[in-house]
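In what follows, a structure is listed as structure tokens, so that the remarks can point back to it.
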Amino acid sequence: MLYRNFSTQQEIDDQYDVERSIEDPKPYFELFVGDSAKARSELECLLDVPFGPTVEETIDIFPARDADAPILVFIHGGYWRRLSSKEFSLVARGLVAHGITVAITNYALCPKVTIGEITRQSRAAVAWLARGDHRFAGDRERIFVSGHSAGGQQVGRLLSTAWETDYGLAADVIKGGFAISGLFDLNPLRYSFLQPMIQIDQQTIQRESPIFNLPLQAPPMHASVGGAESEEFRRQSKSYVDAWQAAGLIGAYSEQPGRNHFTAITDFAEADSPLCKQVLNFIEECERG
């Protein structure tokens, strides 16, 4: 067996090739681009703000009105090898309406860089937000992180970061993590269509799989996944939450009825959507303790 009960790449790709899992992915990408362009035209935004030394390390900030607004850092998907912050501006539409400053990170892509380097860039973005004397509304003491697909994996890596020893920041710099359709065990991807692009080995799998790097202490974490996603995507999130809870950490799992891998985040564009309300409730619960 290559992984669990899968003995061929075809069997793994059937579960993890999200574009093949639907009849035509093109309308979804067009929706992402269109709603994101609308978000940038309708909302106040600071685009391509550099936070690190390489050209790809930029962040798009959609500030709320209140100076003490919570900051939600969102990390985009694309299996670490495609897309950018610009296709995910739509995430800000619903959340800014509720008084949340949204910061969408950009990062270098595989195979130019490794997944480990992407993790470094995600951590650098959080550290930049936590340290900076910003010109936009947002309380650096109220930072939350979220991400979709590969970005969900990055949420897991951020929650296991040794912020105090490695960055000189408060251990609880992140107040909560909300991962959507995340990948928490990278083992199957080594045998998938992605391997030529992401080029992972066993060392990378062990280091970059959140399920193998559970922290001793961490803020609350919620893993959400589309109810119409593959069995493996749903299992990945459920297994991660189970392991998280078994480690004595606060975690929850939920499915979005009828949502596939792409529509699992499109509700961010609507302020009154179930997804926006769920994220708002999560932030409020984290802050209540």
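The values are calculated or read from the model by the stated rules, or taken from the named source; none is laboratory data. All figures in this text were calculated on a predicted structure; none of them were measured in a lab. Using ideal geometry, Cβ is built from the backbone for each residue, glycine included, and neighbour counts are taken over all protein chains shown.
Some points to look at:
- Scanning the range 64-93 for residues that are over 30 Å from Ser209 (Cβ atoms) and touching a Lys or Arg at 6+ places or on another chain (Cβ under 9 Å) turns up Asp68, Ala69, Arg93.
- Residues considered: Ala223, Ala252, Ala243. Of these, the only one that is assigned to a helix (DSSP H, G or I), hydrophobic (A, V, I, L, M, F, W, C) and closer than 20 Å to Val145 by Cα is Ala243.
- Test: residue in the range 31-47 that is outside any helix (DSSP H, G or I), touching a residue at least 24 places away in the same chain (Cβ under 8 Å), among the β-branched types (Val, Ile, Thr) and out of contact with any Cys (no Cβ under 8 Å at 6 or more places or on another chain): no
- Residue that is farthest from the chain's Cα centre (by Cα), among those in the range 1-27 that are assigned to a loop (DSSP other than H, G, I, E, B) and modelled with pLDDT under 95: Met1
- Meets criteria (over 17 Å from the mean Cα position of the chain (by Cα), at pLDDT 95 or above and within 19 Å of Pro274 (Cα to Cα)) for Val145: no
- Residues in the range 230-266 that are of a type outside the set (A, V, I, L, M), closer than 26 Å to Glu23 by Cβ and surrounded by 21 or more Cβ atoms within 10 Å (Cβ to Cβ): Phe233, Gln236, Ser237, Gln256, Arg259, His261, Phe262.
- Meets criteria (exposed (fewer than 14 other Cβ atoms within 10 Å of the Cβ) and of a type in the set (Val, Ile, Thr)) for Val55: yes
- When each of Ala103, Ala97, Ala108 is tested for being buried (at least 20 other Cβ atoms within 10 Å of the Cβ) and either of a type in the set (A, V, I, L, M) or without any contact (Cβ under 8 Å) to a residue 12 or more places away in the chain (or both), the lone residue that passes is Ala103.
- Ser85 vs. criteria surrounded by 14 or more Cβ atoms within 10 Å (Cβ to Cβ), more than 14 Å from the chain's Cα centre (by Cα) and under 30 Å from Pro196 (Cβ atoms): no
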